[in-house]
Amino acid sequence: MWGRKRREVEEAKAGEPQPPERLKDALRKARLDQAERTGVVVDLHDAEVARLELLSEALDPLFAEIPDSVDLFDRGINRGDTPRLWIDAIAHAAMGRDKRLYRFLQDTRYGRTVLAESTDVAEIVDAITKYVAQRLIERDRALASAAVPPRELKQEAKSERRRRRRRAFRTFFFGLLMGIAVMIAAALLFG
C-alpha cells in the first residue's frame, strides 16, 4: 500500500518535464552564450579596424605630399565603438553596415554628409584626395584674403580709436543732457 503510491509518484515525476536548472547553472550558461556573442562582435570590430588601417596605408603617399607647414589635417584611427579614420576635424572614413563598404563622411552644421561610398579602396582614396585638395585651396584663399599690409592696419586701428572716442563723447554728452533735464523737471515739480 505504501510502496504502491511511491512508485506511482516516481513514475509521474519521470513523465513530467524536468524542473528548470539551478540559477547558478543558468547564469553560467548565459555567461558562456554572452562570451560567444562578444567574441563575434570583437572579431567584427577588429576587422573594421584592419580595413581602416589598410585605407590609412593607402593614404600615406597623399599625406607625404602635404607640406609640413600645413597643420590642417590630423589623420588617425579612433578605435571606439564605431572605428573611424579621421582625416581632419570634420571629415572621417568609416565602414558601412555590411563592414565591406567604405564611407567617407563630413560633419557639417546641417548634419553628416556622405562624400563617397565604395567597396574599392582606390575610389575612397581618390575622394579623400579631392577633399584634401579642396581644403588646401580654401586655406590658401583664406590666408590670401587676410593678408593686409601693415600700413593699412595702423591706419585702420587709428580710425577705430577715433570712432570709439567719438562714441564715448556722444554717450557722455547725451547722459549729461539727460541728467540736466531730469534735474530741471524735478525742480519744477517739487519747487
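The conditions of being open to solvent by less than 70 Å² (accessible area, probe 1.4 Å) and either in a helix (DSSP H, G or I) or modelled with pLDDT of 95 or more (or both) are not met by ARG170. Answer yes if at least one residue in region 132-152 is assigned to a strand (DSSP E or B) and either within 30 Å of PHE73 (Cβ to Cβ) or under 21 Å from the mean Cα position of the chain (by Cα) (or both), and no otherwise. Scanning region 132-152 turns up no residue that is assigned to a strand (DSSP E or B) and either within 30 Å of PHE73 (Cβ to Cβ) or under 21 Å from the mean Cα position of the chain (by Cα) (or both).
Looking across region 78-124, the residues that are more than 11 Å from the chain's Cα centre (by Cα) and of a type in the set (Gly, Ala, Ser) come down to GLY80, ALA93, ALA94, GLY96, ALA116, SER118, ALA122.
Only one of the numbered conditions (1) of a type in the set (D, E, K, R); (2) surrounded by 11 or more Cβ atoms within 10 Å (Cβ to Cβ); (3) modelled with pLDDT of 90 or more; (4) within 28 Å of ASP43 (Cα to Cα) is violated by LYS99, and that is (3). Scanning region 66-79 for any residue that is in contact with a strand residue (DSSP E or B) (Cβ under 8 Å, 6 or more places away or on another chain), assigned to a strand (DSSP E or B), of a type outside the set (Ser, Thr, Tyr) and surrounded by 13 or more Cβ atoms within 10 Å (Cβ to Cβ) turns up at least one such residue. Comparison of VAL125, VAL148 shows that the only residue that is in contact with a helix residue (DSSP H, G or I) (Cβ under 9 Å, 6 or more places away or on another chain), modelled with pLDDT of 90 or more and on the phi < 0 side of the Ramachandran plot is VAL125. Only residues that are at pLDDT below 75 and either in contact with a strand residue (DSSP E or B) (Cβ under 9 Å, 6 or more places away or on another chain) or not in a helix (DSSP H, G or I) (or both) were counted in region 15-35, giving 6.
The values are calculated or read from the model by the stated rules, or taken from the named source; none is laboratory data. As the structure is a computational prediction, the values presented were derived from the model and not from experiment. A quick note on method: Cβ atoms are made from the backbone with ideal geometry, for glycine too, and the neighbour counts reach across all protein chains shown. These area figures cover heavy atoms from the full protein model, side chains too; ligands, DNA and RNA do not enter into them. Shrake-Rupley method; radii C 1.70, N 1.55, O 1.52, S 1.80 Å.
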